[in-house]
Amino acid sequence: MHHLSLGRGLPTAGLLLAAALVMLGGQVPARAQAGADPMVVTAKLVEIPAKFPPDDLYDYAFVMKYEVVGGPMDKQSILVAHYKPRQPRSKIKEKHTGGKLRTFNQGDTHKLKLTADLKKVWKGALVDEYAATDRKSVRYWCLEADPA
């Protein structure tokens, strides 16, 4: 097991994330390399892994798989968490979610504003069907989703 001690004046969170991913044997995502957060990508929704839970049970975010179309992460698969995916983005009043997207349909292309700081933005329930098979990939939080 590797240990990383932190002190004053050490690298930014992005560099620490990159170092942690390298230590774990994962690839460093383009976001960590470029240090751009939040980042905007155009991506095709390639998989909604399960049916969305009802909104009236609890507040949750749902992880879906996208393939980036163009830009620095072109052709890369990314996992993106969306808050209350049953609702149009414009109806959600929380500051951590916005945009003009009305529904999520597999095969559609979206313009997404993402942050890799999911745990800072969202502390609630996360429905992540990929957790059992993919623990290494970054889960991005979607700050804004618009039709592309």
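Can you tell me which residues in region 97-115 are over 11 Å from residue 45 (Cβ atoms) and surrounded by 16 or more Cβ atoms within 10 Å (Cβ to Cβ)? Please lay out each step first, then the result.
Within region 97-115, the subset over 11 Å from residue 45 (Cβ atoms) is 97-100, 102, 111, 113-115.
Of everything in region 97-115, those that are over 11 Å from residue 45 (Cβ atoms) and surrounded by 16 or more Cβ atoms within 10 Å (Cβ to Cβ) turn out to be 97, 98, 99, 111, 113, 114, 115.
Within region 98-118, which residues are among the hydrophobic types (A, V, I, L, M, F, W, C) and closer than 11 Å to residue 87 by Cα?
Filtering region 98-118 for residues among the hydrophobic types (A, V, I, L, M, F, W, C) gives 101, 104, 112, 114, 116, 118.
Result: 101, 104.
List pairs: first residue in region 106-123 and assigned to a helix (DSSP H, G or I), second residue of a type outside the set (A, V, I, L, M) and surrounded by 13 or more Cβ atoms within 10 Å (Cβ to Cβ) anywhere in the structure, Cβ distance under 6 angstrom, at least six positions apart or on different chains.
118/139; 118/141; 121/96; 121/141
Mind checking which residues of region 68-99 are touching a helix residue (DSSP H, G or I) at 6+ places or on another chain (Cβ under 6 Å) and assigned to a loop (DSSP other than H, G, I, E, B)?
Matches in region 68-99: 72, 73, 96.
Rule-based calculations on the coordinates, nothing more; no lab input. Not measured: the values here are computed from a predicted model. Neighbour counts run over all protein chains shown; Cβ positions are idealised from the backbone, glycine included.
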